[in-house]
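Have a look at the structure below before the remarks.
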Amino acid sequence: MADLANRSAQLTSPLLGEPGAVAAGGPDAGIAAHYGDPFAEQRALALRSGVVDRSNRGVLRITGPDRLSWLHSLTTAHLERLAPGESAEALILSPQGHVEHHLTLTDDGSAVWAHVEPGMIDSLVGFLTSMRFMLRVEPEDVSAQYAVLTLHGPEMPEAAGRPAIVTSTGFGTDLIVPRAELAARVAELRSAGAALAGIWAHEALRIAAGRPRLGLDTDHRTIPHEVGWIETAVHLNKGCYRGQETVARVHNLGHPPRRLVRLLLDGGENKLPNRGDQVLLDETAVGFAGSSARHYELGPIALALVKRTTPVDATLQVDGIAAAQEVLVAPDAGANIQGELKRRRTGLIGRARE
């Protein structure tokens with residue numbers, strides 16, 4: 001318990017000392033939920049530029065000349081020819097094809113840098129260490145030394161002055177910076193025009209963009225096809241990796257049992273569903289709610305995993321709240337049909353720019 005307390009203290013952000021900062025809870029403990037005005041912070045991220053403190057995420061560094069070919073063999077991504085500075089998403093699956101880890105990564109020419117969900121780094125490093133065998137690789141948890149900041153917006157400033165490890169996979173730009181420099185880096189970005197925003201603003205835009213988050217929008221049975229990661233984090237024509245049989249079987253012969261949807265919640269209810277609340281169709285459970293937020297334009301929204309056969313035009317209910325659904329993963333995903341992940345990011349987030 002003492003080790004866990006020490007680790008938590010290490011990862012508590014100095015930005016919680018900023019004026020107006022309100023601490024987040026749950027998986028995002030240790031960073032700010034907002035700094036006084038969540039909707040203004042959302043608008044800054046969507047319409048101008050902003051920086052979000054995500055320093056509670058785990059940071060992994062892998063060194064050694066075999067690092068890319070090794071990760072290529074363990075993950076769903078095609079990484080053996082990843083060029084320095086290029087970013088990728090990758091999954092580590094169970095033998096049954098269920099998602100165990102989601103990594104956002106880049107290679108700087110001498111090491112692979114990755115960041116993962118809060119609380120996941122220990123199990124990830126444990127697994128990777130067990131898979132080293134005789135290869136020349138060295139995975140290391142460097143979360144105590146490095147932290148993640150995320151930039152958003154059409155007027156996104158450059159990572160001012162000092163270098164940073166950069167990953168970008170289509171939703172913001174992540175900077176991995178020395179933890180000791182976290183406050184100074186944020187001050188530089190703010191002086192360059194970026195607004196400081198809390199994790200609530202980032203999460204609202206993420207949900208609107210239809211991007212799932214491991215552990216919030218997934219469970220222990222989730223497979224890549226169900227949440228759209230088949231398009232962003234899985235290479236369908238690479239060699240063997242753990243869980244590949246499930247990916248190939250669903251892609252070539254069948255459909256995933258569930259599909260990700262975005263819920264547009266009735267704004268008349270002054271509440272949001274909790275993660276894990278049942279999603280109902282005519283009082284029958286058809287899935288569960290994931291993350292939820294109040295979006296500055298769309299109102300209350302959530303992500304949910306529902307049965308594939310749930311009619312796409314059906315009105316659903318979650319925690320007593322009526323919810324229209326928007327298709328993110330098509331019911332016919334798999335079976336050699338690329339189930340398009342209809343994020344509608346241009347229509348939903350970009351609409352605010354018009």
Note on the chain: contact order normalised by length, alpha-carbon pairs under 8 Å, 6 or more apart, percent, works out to 18
At 222 nm, what value in deg cm²/dmol follows for the chain if DSSP H runs of at least 4 each add -39500 (n - 2.57) and the sum is divided by all its residues, to the nearest 500?
-6000 deg cm²/dmol
Sort LEU214, LEU260, LEU253, LEU328 by Cβ crowding within 10 Å, fewest neighbours at the top.
LEU253, LEU214, LEU328, LEU260
Express the relative contact order of region 200-344 as a whole percentage, based on alpha carbon pairs under 8 Å and six or more residues apart in sequence.
31
Under the 0.36 nm per residue contour assumption, what length would be gained going from the current alpha-carbon distance of GLN145 and GLU297 to full extension?
51.0 nm
If you filter region 36-90 for trypsin sites (Lys or Arg not before Pro), then keep DSSP loop positions with at most 10 other Cβ within 10 Å, what is left?
ARG81
Tabulate in residue order the Karplus-calculated ³J(HN,Hα) for region 208-221, using 6.51 cos²θ - 1.76 cosθ + 1.60 with θ = phi - 60°, rounded to whole Hz; enter x for Gly and Pro.
4, 7, x, 9, x, 10, 4, x, 9, 9, 10, 9, 5, 9
Can you tally the net charge around LYS271? Count Lys and Arg as +1, Asp and Glu as -1, for every other residue whose Cβ sits under 14 Å from the Cβ of LYS271.
-2
How would region 105-258 be classified by its alpha-carbon gyration tensor: rounded, prolate or oblate, with rounded meaning a/c under 1.5 and the a/b versus b/c comparison settling the rest?
oblate
Rounded to whole Å, give me the distance from the Cα center of region 100-139 to that of region 189-265.
19
Computed label-point distance, nm, for sites ASN274 and VAL312 using a 7 Å Cα→Cβ extension
3.3
Among [x] 53, 50, 45; [y] 65, 64, 38; [z] 68, 67, 34, find the value of Cα extents along the principal axes in Å that was calculated from the structure presented, and write down its label.
[x]
Want the number for SER130 to THR12: 0.36 nm per residue separation, take away the alpha-carbon distance, what's left?
39.6 nm
What does the extension gain come out to for ALA187 and SER110, with contour length at 0.36 nm per residue minus their alpha carbon separation?
24.8 nm
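Coordinate-derived values only; no laboratory data. Here the structure is a predicted model, which means the values were calculated and not measured. Virtual Cβ from ideal backbone geometry, glycine too; neighbours counted across all protein chains shown.
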